[in-house]
1. Set the bar at 22 Å for Cα to Cα. Now go through A:Lys87/A:Lys172; A:Lys221/A:Lys359; A:Lys19/A:Lys54; A:Lys359/A:Lys382; A:Lys172/A:Lys221; A:Lys54/A:Lys221 and name every pair that lies beyond it.
2. Could you give me the radius of gyration and the Dmax of the stretch A:111-191, taking only the C-alpha atoms into account and expressing both in angstrom?
3. Rounded, prolate or oblate: pick one for the stretch A:204-351, where a ≥ b ≥ c are the square roots of the eigenvalues of its C-alpha gyration tensor, a/c under 1.5 means rounded, and failing that, prolate if a/b is larger than b/c, else oblate.
4. On C-alpha positions alone, give me the angle between the axis of helix A:76-95 and the longest principal axis of chain A, in degrees, nearest 10.
5. How long is the gain from B:Lys65 to B:Met1 if the chain were fully straight, where each residue apart is worth 0.36 nm and the alpha carbon distance is subtracted?
6. Would you mind checking the tilt of helix A:299-312 against the longest principal axis of the Cα atoms of chain A, expressed as 0 to 90 degrees and rounded to 10?
7. How are the Cα pair distances of the stretch A:52-200 distributed, in percent, across 10 Å bins from 0?
8. Once you keep just the Cα pairs under 8 angstrom separated by 6 or more residues, what percentage relative contact order results for chain A?
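Derivation of every value follows stated rules applied to the coordinates shown; laboratory data play no part. Note that the coordinates shown come from a computational prediction; the quantities given were computed from them, not determined experimentally. Glycine gets a Cβ as well: all are built from the backbone with ideal geometry, and neighbour counts include every protein chain shown.
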Amino acid sequence: MAEKLPEHPDFLWRNPDPKSSYDAIIVGGGGHGLATAYYLASQHGMTNIAVLEKGWLGGGNMARNTTIIRSNYLWDESAAIYEHSLKLWEQLPEELDYDFLFSQRGVLNLAHTLQDVRESQRRVNANALNGVDAYFLSPEEVKEVCPIINIGDDIRYPIMGATYQPRAGIAKHDHVAWAFARRCDQLGVDLIQNCEVTGFLKDGDRVVGVETTRGRISAGKVGLAAAGHSSVLAELAGVRLPIQSHPLQALVSELFEPVHPTVVMSNHVHVYVSQAHKGELVMGAGIDSYNGYGQRGAFHVIEEQMAAAVELFPIFARAHVLRTWGGIVDTTLDASPIISDTPVEELYVNCGWGTGGFKGTPASGYTFAHMIATGAAHPLNKSFSLDRFETGHLIDEHGAAAVAH
Amino acid sequence: MLLITCPHCGPRDEVEFHYGGQAHVAYPDDPHALTDREWAEFLFYRDNAKGLFAERWQHAVGCRKWFNAVRDTVTYTFQSTYAAGESAPNGVAATHGGTP
């Protein structure tokens, strides 16, 4: 039986016209922008604020991701912020009074080579030192967690083990956006859709507002949370970001009875899959290699991920693909996000989450709100600054990012 | 699937190629003279054009040569491809450092 989804009330938030002035403006009405506004209002008492969204709320990458949540990252800085995020996920349904079906069904990250095994065991040990729940499982133990998986050795890359994080899981992405949006609205935040930022108003080196398709709006502080378009937007403010935008594709099957009880990811053969609450098999692969903004990608990427999925899960061979889509992800050279001030005073950026932004939504908003409200980095995001590309203090998470980018 | 015209071999499927990012980014003339900021620019900062973009591809399973292309990053249409060492067509030269 598929799980019943929460009711969707007709109106979760007002649709106000933009005021002429706000204390702070967040550009981007996806998960990260909405979470930022929520924590600005709930933690820092800033309620004269607006979220500007060029399309509709939660209609960008929030609507295009594969909803996986986990915190088993290698480096201390990443483990700290993603584990904080996971802890926020665990309390948010109650805090926001909205059931967005956060399901802690665990995640397996498969190892297919001896090097994979060594890297996985190293990461499990690093996780343990950082208080993140993680275990290394043998192929037989993997099979116990996920009975449909093929642990035979007659495939090109047999499973040699996996890391397992039991507290990881998935959530219903649209409902997460709606949950944040509803509470933001209740706290007095103006959520303004169909309002594209086309320029920035500056007084010397300080940002004082934005030009939009719905007129000029002045603001004391401006935070950018625009995912794939971060560098396009920042350039309008004269800020250059070390970001490259790429298509990342995902797909879903038709609906099935529950067959897949956990989340399985494989960096080596490049597929990750879980079963949505309603019953679709949801899967993704790596990014398409070329830069792009077209919200679509190449078919061979889907073909390769399907081939990998069918080797790992032979019963998927009978599943039909229902639809495929592409989102545009903003990648950095060290596969870690940027939550930072900029050379423009009172202009802040939150970007570079690449292929892993959904899981980071709560901590992204939490730390970005702290930064916008206080003008200083929170201890959780001070390492994720723009100047790390200058000082060389990179946070290289290409291994733990689990998706090549 | 993109159809990419290798300047040496002609049109081939995308799967034959390897992507190399922005074209015409020159190695610093005097590396010792660079500030940390300038090194960061050279190593990590690239254009991320929405629209026409001069970029590098390698015909990895064909002639194996690197070449340059001008492609629209919204429509994914190739405007031109040209051999390494040739200048970018007018109007799409890299804004970043690069040689002509």
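1. Table pairs above 22 Å Cα-Cα are A:Lys221/A:Lys359; A:Lys172/A:Lys221.
2. 19.0, 59
3. Cα axes put the stretch A:204-351 in the prolate bin.
4. Roughly 80 degrees between the two axes.
5. Computed gain between B:Lys65 and B:Met1 is 21.0 nm.
6. Rounded to the nearest ten degrees, it is 40.
7. That works out to 11, 30, 29, 19, 10, 2, in percent per bin.
8. 23 percent
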